[in-house]
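Q: Questions regarding the structure given below will be posed in turn.
The values are calculated or read from the model by the stated rules, or taken from the named source; none is laboratory data. Fair warning: this is a prediction, and the values are worked out from it, not measured in the lab. Here the Cβ positions follow ideal geometry from the backbone for every residue, glycine too, while neighbour counts run over all protein chains shown. Keep in mind that these areas ignore ligands, DNA and RNA; they rest on the heavy atoms of the full protein, side chains included. Shrake-Rupley method; radii C 1.70, N 1.55, O 1.52, S 1.80 Å.
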Amino acid sequence: NQTDDWWKKAVAYQIYPRSFYDSNNDGIGDLNGIREKLPYLKELGIDFIWLNPIYASPNVDNGYDISDYQAIHPDFGTMAEFEQLLAEAHALDIKIIMDLVVNHTSDQHPWFLEARQSKDNPYRDYYLWEDATADQLPNNWQSFFGGPTWTYDETTEQAYFHVFAKEQPDLNWKNPTMRAAIYKMIRWWLNLGIDGFRIDAISHIQKEPWDFEITDNQWAPFMNVSGIDDYMLELKAIFDEYDIVTVGEASGVSSEEAVAWTGNDGYVNMIFELEHCGRIGEPGQQKGSIPHLKDTLTRWQNSLADNGWNALYLENHDTPRSVSVYGDGSEKSAKALATLLLLMKGTPFIYQGQELGMINYPFRSIEEVDGKDTLYAYQALLEEQPELTSEEALTITMNWSRDHSRTPFQWNTEAFGGFSKTTPWLAVNPNFPIINAQYELQQPHSVVNFYKQLITLRKNTDTLIHGTYHLLLKNHPSIYAFTRQSDTETWLIITNLSTRSVTIDLSEELTLNDWQLILTNNQKLSLSHPLTLERFDALVYRKRH
Ligand code: ISL
Ligand code: CA
């Protein structure tokens, strides 16, 4: 039954291969580089790795535009090198899950190169086409990356649909022949021995109806998951044949719907919700505030308390660095955030570099930026608001840019942070001399050693795996405190996610006796009523019943 699943006790680690470790010094991270660093991940206490896409791709969206699902992009290496990586990871008892990108392909995928040739091409209906003219598209919907969600193709005088970039045409999930081709690919990877999938943008595979115009919330139609169930049940039927873990990136699935998606008969084992951080930092967003974070994560904790499972994360390859968003960039704030991530209910996903306390990159000009979506947003902002200076537009755009989390992993104090011996594809954060794995592993009170303590604590404490979550001080603007309770003990986790000293009184909710201090980033502190917490203090106590 679900309570014994290995992935509930596991700690996961997300690797963005392009930026992890460059073993052949071409400036780009690669599979042999990951293999060389497996001992580091083992030392950290990682149980499974999620690899962002490593397949053949023109890299319009850094691998999320796939042109051959069953070929490894030469930048990363060969299929033989992938199988060697998988074998060596398994030998270290580390599992590997792959990124399954089936909402769309690259426009260079053979299926699309065929489909766009003529209306009666056998592959035409692998994609979504509607009659259109160059200046009259089927509707006014806008893609996630800016611009219309339709692109006119003059060869066949129709427009094709794409939720993301025009180089990422959406697959037509209504077409059973297309679905069968995707299922064949899925089995091919599972039969290779991988340990599961993170499923990209899965909530978008159901597109219609689209015969209406957008008025206000432009993303709404993409978040509509009604009608998706049949497709998810077909995917589930395949996944259930294997001992794997599946994590759906399910933007738009509500915390209520998530029970069906991840419960005992759910489509997947867990889902990444994007309510707390999807497109975080964009103007007009509530995301990034502590109250919003507490409310959102607590709603998901409560909704999946008895049935279903959360994938926990504070940053990934699509967000800025969480220490810069929720913290103040300091080591201490990194430890406070680590405490939250590792001690809530669900499977924690650590994004590469987060365990070091890596922070946002000090971009000074748009020329340093790689992300096509960031570049588009920057141009669009300057057009919409011509009164902005380029510096102001850069600051606003970089507030939510994905480039912050894609700078090379910082291994040591050598040139380029030890990521490569040549200039990397994206600049290394200049703080690498003090924020790097080698230096931190030698410092007893470093961020990485704090993560190691939290990972060990979590994996050895059943109450931290299965215990109930209860939020304390719900309305406090900067204290994020909760308990985890089983019938034998209660854990108390208190963090002050602000730069100010804060005094709280928990006497309404807790008696003081019998608490044992287990872990803290401020040795001077002990539980009291009232309790004064300094900036970014984190405290972990246990009481045995
Ligand atoms: O963009 C969104 C608004 O929050 C989400 O709804 C969207 O589902 C999410 O950003 C999808 O991200 C994934 O698919 C993209 C790729 O660029 C991202 O890196 C990946 O995480 C297209 O494949
Ligand atoms: Ca390389």
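Let's see how each residue does on (1) closer than 29 Å to ASN412 by Cβ; (2) crowded, with 17+ Cβ neighbours inside 10 Å:
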position: GLN301; (1), (2): no, yes
position: GLY308; (1), (2): no, yes
position: GLU315; (1), (2): yes, yes
position: THR319; (1), (2): yes, yes
position: LEU356; (1), (2): yes, yes
position: ILE359; (1), (2): yes, yes
position: GLU368; (1), (2): yes, no
position: LEU381; (1), (2): no, yes
position: GLU387; (1), (2): no, no
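Q: Hey, can you tell me all the residues within the range 326-339 that are surrounded by fewer than 24 Cβ atoms within 10 Å (Cβ to Cβ) and either free of Cβ contacts under 8 Å to residues at least 40 places away in the same chain or of a type in the set (A, V, I, L, M, F, W, C) (or both)?
A: Listed by number, the list holds a single entry, GLY329.
Q: Report, by residue number, each residue of the range 464-507 that is among the polar types (S, T, N, Q), touching a residue at least 60 places away in the same chain (Cβ under 8 Å) and within 22 Å of ARG544 (Cα to Cα).
A: Scanning the range 464-507 gives THR468, THR495.
Q: If a residue must be more than 16 Å from ligand 1 (Cβ to nearest atom) and within 22 Å of the chain's Cα centre (by Cα), how many such residues does the range 59-81 contain?
A: 2
Q: Out of PRO17, PRO122, PRO74, I need the residue that is assigned by TED's automatic domain parsing to the domain that holds TRP309 and free of Cβ contacts under 8 Å to residues at least 40 places away in the same chain. Which one? So that I can check it myself, show each step before the final result.
A: Values: PRO17 fails: free of Cβ contacts under 8 Å to residues at least 40 places away in the same chain; PRO122 fails: assigned by TED's automatic domain parsing to the domain that holds TRP309.
None of the others qualify; the one that does is PRO74.
Q: If you don't mind, another one. How many residues does the range 228-278 contain that are away from ligand 1 (no atom under 16 Å from the Cβ), in contact (Cβ under 8 Å) with a residue 60 or more places away in the chain and assigned to a loop (DSSP other than H, G, I, E, B)?
A: 3
Q: Among SER478, SER498, SER486, SER420, which is outside the structural domain of LEU41 (by TED's automatic domain parsing), crowded, with 16+ Cβ neighbours inside 10 Å, out of contact with any Cys (no Cβ under 8 Å at 6 or more places or on another chain) and within 22 Å of ILE34 (Cα to Cα)? Talk me through it step by step, then tell me what you get.
A: Details: SER478 fails: within 22 Å of ILE34 (Cα to Cα); SER498 fails: within 22 Å of ILE34 (Cα to Cα); SER486 fails: within 22 Å of ILE34 (Cα to Cα).
From the options SER478, SER498, SER486, SER420, the qualifying one is SER420.
Q: Identify the single condition in (1) touching a residue at least 40 places away in the same chain (Cβ under 8 Å); (2) within 16 Å of ligand 1 (Cβ to nearest atom); (3) over 20 Å from TRP7 (Cβ atoms) that LEU51 does not satisfy, given that it satisfies every other one.
A: Tallying (1) touching a residue at least 40 places away in the same chain (Cβ under 8 Å); (2) within 16 Å of ligand 1 (Cβ to nearest atom); (3) over 20 Å from TRP7 (Cβ atoms), LEU51 fails exactly one: (3).
Q: So, one more: Filter the strands (runs of 3 or more DSSP E) completely within the range 94-162 down to those with at least 3 residues that are open to solvent by less than 40 Å² (accessible area, probe 1.4 Å).
A: On the way: elements: 95-100, 129-131, 150-153, 158-161.
Correct list: 95-100, 150-153, 158-161.
Q: Considering only the range 151-172, I want to know if a residue exists there that is out of contact with any strand residue (DSSP E or B) (no Cβ under 6 Å at 6 or more places or on another chain), modelled with pLDDT of 95 or more, within 22 Å of GLY371 (Cβ to Cβ) and of a type in the set (D, E, K, R).
A: yes
Q: Considering each of GLU256, GLU275 in turn, give the residue that is within 20 Å of the chain's Cα centre (by Cα) and in the same structural domain as ASP65 (by TED's automatic domain parsing).
A: Numbers: GLU256 fails: within 20 Å of the chain's Cα centre (by Cα).
Among GLU256, GLU275, only GLU275 is within 20 Å of the chain's Cα centre (by Cα) and in the same structural domain as ASP65 (by TED's automatic domain parsing).
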